[in-house]
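So the structure is just underneath, and the comments pick up after that.
The values are calculated or read from the model by the stated rules, or taken from the named source; none is laboratory data. Quick caveat: nothing in here was measured; it's all calculated off a predicted structure. Glycine also receives a Cβ, built like all others from the backbone with ideal geometry; neighbour counts cover every protein chain displayed.
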Amino acid sequence: MATSTTVEQKRGDVCPHQIAFILDNWLRRLIQSPRKIVGEYLNEGDTVLDVGCGPGYFTIDMAKIVGNNGKVIAADLQTQMLEKVRKKATKHNVLERLSFHRCELGSIGLSASIDFILAFYMIHETGNPKGFLMEMKQMLKPEGKILIVEPKMHVSAATFEELIRDAENEGLKVLDHPNGKGGRSVLLTV
């Protein structure tokens, strides 16, 4: 019998760009404020990775927080999502603070030195959660942090605990299980 993790890993569903409006709208901002979710982990001048950025729901706010000396890397599997972020960044005058990276299926595929990584509602969409954890760890600066938030409707408590065990087995340390982040959450560091 397959475990829930195995089923989720094989599924590898990705939210299609055609319904990006579900991921970024005024109603979601009432429920999940990007600044409240990630603001406490960011500083001016930070280099940040928004992995699985989608249409840039968190990306734009993070770019505003890190300021002119900071950088946000918007990384997504779908070119169309990255284009949505680019348009939004232009509208909000933060395009110069962003760089764009198209991930490959099952891999981030990025070499960088990162202060903060956000993986919001996306680890369950990958076919290789352990691989993503390894890649994120390799990019993280010594004092850097990773915030993983997974939706309760898609990820069971047991599956999330298994993800945390995998993270610890990869050498990541749990700093916190922050509340109010919009799902099952863990804050990690090296």
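Points to keep in mind about this one:
- Of LEU140, LEU133, LEU172, all but one fail to be free of Cβ contacts under 8 Å to residues at least 60 places away in the same chain, over 19 Å from CYS53 (Cβ atoms) and surrounded by 14 or more Cβ atoms within 10 Å (Cβ to Cβ); the exception is LEU172.
- Exclusive hit being under 17 Å from LYS137 (Cα atoms), crowded, with 22+ Cβ neighbours inside 10 Å and at pLDDT 95 or above, set ALA63, ALA75: ALA75
- Of the residues screened, ILE108 is one that is of a type in the set (Val, Ile, Thr), crowded, with 21+ Cβ neighbours inside 10 Å and modelled with pLDDT under 95.
- Qualifying positions in segment 156-189 - of a type in the set (A, V, I, L, M), under 24 Å from ARG35 (Cα atoms) and in contact with a helix residue (DSSP H, G or I) (Cβ under 7 Å, 6 or more places away or on another chain): VAL174, VAL186, LEU188
- Within segment 143-169, the set of residues being of a type in the set (D, E, K, R), more than 20 Å from LEU49 (Cα to Cα) and not in a helix (DSSP H, G or I) comprises LYS152 only.
- Hey, SER99 modelled with pLDDT of 95 or more and either in a loop (DSSP other than H, G, I, E, B) or surrounded by fewer than 20 Cβ atoms within 10 Å (Cβ to Cβ) (or both) or not: yes
- Elements of type helices (runs of 4 or more DSSP H) in segment 1-60, at least 1 residues being buried (at least 21 other Cβ atoms within 10 Å of the Cβ) and at pLDDT 60 or above: 34-38
- Considering the conditions (1) buried (at least 18 other Cβ atoms within 10 Å of the Cβ); (2) in contact with a helix residue (DSSP H, G or I) (Cβ under 6 Å, 6 or more places away or on another chain), ALA119 is excluded by exactly one of them, (2).
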